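Quick notes on the structure that follows.
We did not get these values from a lab; they are worked out from the coordinates using the rules stated. Please read these numbers as outputs of a predicted model, since none were measured by experiment. All Cβ positions, glycine included, derive from the backbone under ideal geometry; neighbour counts span all protein chains shown.
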Amino acid sequence: MSNSAKPARQLPGCFFLLLASCCQIMVPQSTDSLLHELRQIDHKIHRLSDIRATLEWDQETNLPSGGVDERSEQLALLGGMIHDLQTSPLLGTLVTSLAEMTLPTDEDRAMVRLHRREYDRASKLPKELVERQARLVGQSQPLWAQARKENNFAKFAPYLAQLVDLAREKAELIGYIDHPYDALLDEYEPGTTSAEVKAVFDGLEAGVADLVRKIAARPQVRNDFLTRNFPRDVQERVGRQVAGDLGFDWSAGRLDVTTHPFCTTLGPRDVRITTRYDESFFNMALYGIIHETGHALYEQGVDAKLGSTILAGGTSLGIHESQSRFWENFIGRSKPFVDRYLPVFQKAYPQSLGDVDATAFYRGVNKVEPSFIRVEADEVTYSLHIILRFRLEMALLEGSLKAEDVPQAWNALFTKLFGVTPPDDAQGCLQDVHWAMGGLGYFPTYTLGNLYAAQFFLVLKKDVPNWETLVRQGDFAPLLAWMRTNLHRHGRIYTAGELCKRVTGRSLDPQPFLEYLNTKYGAVYGL
Ligand code: ZN
């Protein structure tokens, strides 16, 4: 998301001359020569992207406040260089020619398809618009932060109106068949349409709402022991141990501290994750580390031959999120995982967890209750937060909802979905940074991740029937090997839809996730 917000800058002369001279060279006509030329540009783009990721990682983890202005200039320069390479006439000629040829491998076809897609999208957006978006986002973000702090939506409303107008303008330039939302969603979840998301979410909503109602009628489980004292250094040691046990390769990655946790890839064997610590809340760091480890395992598992190319990395944000959610929730919040690790946690925090048994701990880390803040939501209610945002974004783009009316619309829909009303906008429509960053269309990928994870988990359980015994023994290698073989190694060769069909034999479907929730929480709450 942040990458697309970077302004495209004028290239330094030597780089521009190099490109200009490239364009005058006769393009060789054989498929091999064209592929060779495309690979050379591809490597250049991806090395520059890795350099940009390194600067961004440094900005989040280490950069002193005095270095912020110069760093944004450095990032803008790199962003412009990458944009100009992605939209260069030479690249355009190469992908147009190659798209009409019979290519020898899946890798070659995918490389051409992805470059052509990036070229088409980037070429449709004039530099003026890219710069205008960067300026608007630059102004909106601090305004949004201030508005949230002061609980004053009116301050952010005019900026949100402009951000929506700009998103609509972008969608019109990029093009779509059914709905302008499709053009925005395509940036994060290529090939997925808003009609597909709507159908899936409609199916999900009824099932989740029904489960939430049933849970609300049962006695609540206790989780007070999760808010006792957990020293930071011990949390870090335990988190590192768990990440390593799951398969995180410490020779190809790091763990650092940031306000907002993330995972980023700086090169083929350099995947960085971050977390944050709260000494009076057990879940935050541990489950945060497991979540980011899930993203990292995907990145570390991509076939080495795809390294530093457009094919390295996850194929979509939804598939990426399926990996983080799989390890965080499907494994990390499972009973076998608790059986394995509660003794480790009790040894680490004897005062805080010494009196808790495995059943109570398991129920505690799976407590379900309606909450106002998305990032703190449990596995069951999380999707409702996303459904709400998706519906409002669709209405904003259609023009049936005005930016200034978002608080009323948010609260009305929240009350309908959760049965409670946010006490203020800071805990309602002002809580997320995504809109201020120009990220309309991003939210659905979080829930798609849950759904993909449930579909993959069904197949994994058939292929690795003793998965519970393995987890109880702390032997995660067979589970990771399954993910590597079926998903990770392919990088971006297949689209999310193709991958889902290859692995599960079906398209995206909310049923496996609903069945998983009903079985698991039926047991936790005795339904
Ligand atoms: Zn994630």
- In whole angstrom, largest first, the equivalent ellipsoid semi-axes that the Cα gyration tensor gives for the stretch 20-160 are 38, 18, 14
- Task: Just subtract the alpha-carbon distance of residue 124 and residue 206 from 0.36 nm times their residue separation and send over the number in nm, one decimal.
- Result: 25.6 nm
- Using a Förster distance of 22 angstrom, determine the FRET efficiency expected from the C-beta separation of residue 507 and residue 178, and round it to 0.05. 0.80
- Task: Return 357, 270, 303 ranked ascending by Cβ neighbour count within 10 Å, so the fewest neighbours appear first.
- Result: 357, 303, 270
- Likely footprinting exposure, 482, 435, 467, fewest C-beta neighbours within 10 Å first: 482, 467, 435
- Do any of 335/462; 155/367; 149/170; 124/501; 155/198; 347/520 go past 24 Å between their Cα atoms, and which? 155/367; 149/170; 124/501; 155/198; 347/520
- Work from the charge dipole of the chain (Cβ charges, +1 for Lys and Arg, -1 for Asp and Glu, about the Cα centre) and give the residue of 517, 185, 105 farthest towards its positive end. 517
- So if we plug the beta-carbon distance of residue 220 and residue 481 into 1/(1 + (r/R0)^6) with R0 = 25 Å, what FRET efficiency do we get, rounded to 0.05? 0.05
- Gap separating the Cα centres of the stretch 149-215 and the stretch 364-382, nearest whole Å: 21
- Which percent, to the nearest 5, of DSSP beta bridges fully inside the chain are antiparallel? 45
- Query: If you stretched the chain out fully between residue 281 and residue 489, how much longer would it get, using 0.36 nm times the residue separation minus the C-alpha to C-alpha distance?
  - Reply: 71.3 nm
- Message: Please give the charge dipole size of the chain, origin at the Cα centre, charges +1 on K and R Cβ atoms and -1 on D and E Cβ atoms. Round to the nearest 20 debye.
- Response: 720
- Task: For every helix of n ≥ 4 consecutive DSSP H residues, a contribution of -39,500 (n - 2.57) applies; sum these over the chain, divide by its total residues, and give [θ] at 222 nm rounded to the nearest 500 deg cm²/dmol.
- Result: -20500 deg cm²/dmol
- Query: For 415, 31, what ranking results if the residue with the fewest other Cβ atoms within 10 Å of its Cβ goes first?
  - Reply: 415, 31
- Whole number please: convex hull volume per residue of the Cα set in the chain, in Å³? 150
